[in-house]
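We did not get these values from a lab; they are worked out from the coordinates using the rules stated. As the structure is a computational prediction, the values presented were derived from the model and not from experiment. For neighbour counting, all protein chains shown are included, and Cβ atoms are generated from backbone atoms with ideal geometry for every residue, glycine included.
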Amino acid sequence: MTIILEAVAVSSYRGIGPQRQTLSGLRKINLLIGANNSGKSAFLAFLSRRLSNFSGEDSYNQQKLRPLDPLDIHLGAHGNATEFQIGYSHDRVVDKLQEKLAGEEARELAGWIATDGYAWYVFKGAAGEFKEIVGLSGKEASNSIQNLVYKLWQSLRPGYAGGSFQNDWYPHVMSWLRTLVMLPQIEFIPAIRQIGKTGEPYEDRSGRGLIDQLAELQNPELKEQHKKKLFHKVNAFLRSVTGDETATLEIPHNRNAILVHMENRLLPLDALGTGIHELIMLAAFCTLAEDKIVCIEEPEIHLHPLLQRKLMEYLRRNTNNQYIIATHSAALIDTPEAAVFHVTAGKSQTLVRPVLTASHRHGICAELGYRASDIAQANAVIWVEGPSDRIYLKHWLHCVRPEFTEGLHYSIMFYGGRLLNHLSANDAEVTDFINLRRLNRHLAVIMDSDRASVRASINKTKSRILQEFSTGGGIGWLTKGREIENYVPPSLIEAALREIYQTRFDGMLATGPYDHVLHFREGGRGKNANAPRVITDIDKVRVARLVSQSPLSATLDLQQRLKDLVHMIDIANG
């Protein structure tokens, strides 16, 4: 889908003070994550109250914008101090200009308008009055740019000629460019939600009026039969979260409840528990909304982390809206393809910044009081030694079960194999690692055997861990060969090493199941060099990424091991 809102900036609104706060690089799903009272809801309130059906035309907004409530104005500011900016990417500006100009001309003019990657439209005050496009006031325009603006002006005003850049062409073109700003309805789903009675208006997405809406989807009028597809979507989601392929929603003729057909029984939705009740409400709200921006406050209420992730997956794959979600659930921080923003309470105002690094994500988890044990309870967890192991495993799982999504159906975590090599079987750290199985029985651990031959033994530490993890539905996977790389066909390893090391690579040393398959002879050292040197310090992550571009080629016991792992993940996900 096309991203409806690409960037927005706000100042002097509620907890957002005079220091402008920006959300840019917005995607289909956008998470505002932070502790309670950090100011997340201010963004949702602004979007749903001020930007719903917003247009770049002043006359339109003066009729549509609701007045600012005194509590909407940042402490110490006045109503006219409230300012917001809507950003459009260079490509969106090009698309707009191509309505009137040729491609190269449109790109040249867009480069002048969107100087930092975005064209920022500034609106000010209670009426949302347009002020400028940031950076253009007083900006020098070359003869080429002035000619393009003149050409665009003439296409907008056929029959007109003459005039000047500053007084005629530029103002008229800027006014036309404001028509790019046209937002759809923005819906707000509050944190407190409860399915209401029949006959109530479907206005505030709190649950009131939902029964009637679902009844219309279940039995639409003749000319609206396409709506039935939406009802089927919600039913498919119900089956996904309950694990029952027969589960189906039904709205009775008197519309006094939402019923569920399940396991040859007919139950009210409430009987499935608060979590499922909450989940179906949210899925229904978001399915009923089409091609809109939807703001959701705290979707995690009453939801287990696994259900939270299933909801995000449903929104991502089965709806065509854009979502701005305020949450303090770290379980959502790894939602695939989501943009994540960290919201904090500064000394005098709310602050927001994008979350771009793993360390920032970990810091947020700590701030929210999230513990490793919470992660371990989320779903199937697979422990591997390091990043290259994760790349291989994720690729292999995708090959055998492409519908699996990391962070939803399973999680991969690192235990640091080198650290275990320095621990004895009875060390406290080893015992703590094994005790993770008390939190979640759907755990697997994958370990390199490090054996140089088929008869070589493994140490007592690995033996204990593998034995403990292999009981009660878990998996202890010891590689059949020396390391995880020995599962990869030598031809793929060789091709990856050759691409990475170019002339330094002069051939692999050995390719057996118990050899160091990544080690290679160094070439290109000149005629006077000593005997070829063996390179052992290999970029394992780069090799793994290149290998993972090829289809799975199961060797040794890989196929059976993946089959066992898939079975465990299936059970963990109901």
As straight-line cross-link partners of LYS131, the qualifying lysines (C-alpha separation under 16 Å, not fewer than 8 residues apart within one chain) are LYS139
Using only the C-alpha atoms of the chain, find the volume of their convex hull and express it per residue in Å³. 229
For a quick check: sort ILE258, ILE571 by the number of other beta carbons within 10 angstrom, fewest at the front. ILE571, ILE258
Listing TYR160, TYR415, TYR487 from the residue with the fewest other Cβ atoms within 10 Å to the one with the most, what is the order? TYR160, TYR415, TYR487
For the stretch 294-392, the Cα gyration tensor yields equivalent-ellipsoid semi-axes (√(5λ), largest first, whole Å) of 23, 19, 14
Determine Rg/Rh for the stretch 228-292; Rg is computed over alpha-carbon atoms and Rh is the Kirkwood hydrodynamic estimate from the same atoms. 0.95
What's the angle, to the nearest 10 degrees (0 to 90), between helix 358-367's Cα axis and the longest principal axis of the chain? 80
Using only Cα atoms, find the angle between the long axis of helix 274-288 and the longest principal axis of the chain, and express it within 0 to 90 degrees, rounded to the nearest 10. 50
Reduced to Cα centres, the span from the stretch 304-359 to the stretch 154-203 in Å works out to 27
If each DSSP helix of 4+ residues adds -39,500 (n - 2.57) and the sum is divided by the residues in the chain, what number results at 222 nm, nearest 500 deg cm²/dmol? -10000 deg cm²/dmol
Charge dipole magnitude, Cβ of K and R +1, D and E -1 - the stretch 190-289, Cα centre, debye nearest 20: 180
Give the angle, between 0 and 90 degrees and rounded to the nearest 10, that separates the Cα long axis of helix 103-113 from the longest principal axis of the Cα atoms of the chain. 80
Lys, Arg +1 and Asp, Glu -1 on Cβ, resulting dipole of the chain about Cα centre, debye, nearest 20: 760
Using the count of nearby Cβ atoms within 10 Å as a rough guide to exposure, how do HIS360, HIS395 rank from fewest to most? HIS360, HIS395
Quotient of Cα radius of gyration and Kirkwood radius for the stretch 1-144, i.e. Rg/Rh, equals 1.00
Roughly speaking, what is the stretch gain from GLN560 to THR198, that is 0.36 nm per residue apart minus the C-alpha to C-alpha distance, in nm to one decimal? 125.0 nm
When the Kirkwood radius is taken over all Cα pairs of the stretch 96-143, what Stokes-Einstein diffusion coefficient follows at 25 °C and 0.890 mPa s, in µm²/s? 202
Under 12 Å from the Cα of LYS310 - aspartates and glutamates, other chains or at least 8 residues apart: GLU300, GLU406
Relative contact order in percent for the chain (Cα pairs under 8 Å, 6+ apart) equals 13
Over the stretch 110-221, volume per residue of the alpha carbon convex hull, in Å³: 213
Once the in-chain neighbours fewer than 8 apart are removed, the lysines whose Cα is under 16 Å from LYS563 read LYS394, LYS480
